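Data block below; observations after.
The values are calculated or read from the model by the stated rules, or taken from the named source; none is laboratory data. Bear in mind that the values here come from a model prediction, so they are computed numbers and not experimental data. All Cβ positions, glycine included, derive from the backbone under ideal geometry; neighbour counts span all protein chains shown.
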Amino acid sequence: MAEQEFPGWHGTTIIGVRKGGEVVVAGDGQVSLGQTVIKGTARKVRRLSPGGFDVVAGFAGSTADAFTLLERLEAKLEATPGQLQRASVELAKDWRTDKYLQKLEAMLIVTDGKDLLVITGAGDVLEPEHDIAAIGSGGNFALAAARGLMDTDLDAEGVARKAMAIAADICVYTNGNLTVEAIGR
């Protein structure tokens, strides 16, 4: 099959929600190839602890590419302990300028409980508005749902879970099999 005919890997929704002194990152478990679900139980949200400093990261895009980026982020965090924003900016700079890293196709949501950031291959390190970040094929659905839920009595995890359930009902590349990690300030 020619490269241009390859249907492409799809399927991830990752959301980060900050509410009430807690940040939760949730991700679904679906990986699709074209119109076929390849796996429904992938774990796309991970806790990193470089040097005893806790960070939660969720990724969308190519798994191998995301793991490469997570390893690089861990190295940056070890070099700048307790400085997630600085480590994220250094990763984004490398990602944008390194010829090998430029080819990586993934996005990350990272948090240390204080900062909530989206890191992209375009060199962006974004602090989301409204204390919500979302990426992946169902990201916009989850983002819209979470924004509507922020004024309710739900805590950060409740908002994330409900928003992911709504995204899973709308996006065919998102399922309801969640991995959820919470981190406080």
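Overview of values
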item: Scan of region 112-168 for residues that are of a type in the set (A, V, I, L, M), touching an Asp or Glu at 6+ places or on another chain (Cβ under 8 Å) and within 30 Å of PRO81 (Cα to Cα), ordered by number; result: LEU116, LEU117, VAL118, ALA156
item: Residue among ASN140, ASN175 that is under 16 Å from the mean Cα position of the chain (by Cα) and without any contact (Cβ under 8 Å) to a residue 24 or more places away in the chain; result: ASN140
item: Residue among ALA66, ALA75, ALA106 that is surrounded by fewer than 19 Cβ atoms within 10 Å (Cβ to Cβ) and of a type in the set (Gly, Ala, Ser); result: ALA75
item: Among the residues listed as GLY58, GLY20, GLY29, GLY34, the single one being under 30 Å from ALA145 (Cβ atoms), modelled with pLDDT of 90 or more and out of contact with any Asp or Glu (no Cβ under 9 Å at 6 or more places or on another chain); result: GLY29
item: Boolean, ALA66 is of a type outside the set (Phe, Trp, Tyr), over 14 Å from ASP115 (Cβ atoms) and in a loop (DSSP other than H, G, I, E, B); result: no
item: Boolean, VAL89 is of a type in the set (A, V, I, L, M, F, W, C) and closer than 18 Å to MET164 by Cα; result: no
item: Lone unmet requirement of (1) touching a Leu at 6+ places or on another chain (Cβ under 6 Å); (2) in a strand (DSSP E or B) for ILE14; result: (1)
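Residue by residue, here is whether (1) more than 11 Å from SER88 (Cβ to Cβ); (2) in contact (Cβ under 8 Å) with a residue 24 or more places away in the chain; (3) part of a loop (DSSP other than H, G, I, E, B) holds:
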site: ILE109; (1), (2), (3): no, yes, no
site: LEU117; (1), (2), (3): no, yes, no
site: ALA122; (1), (2), (3): yes, yes, yes
site: ILE135; (1), (2), (3): yes, yes, no
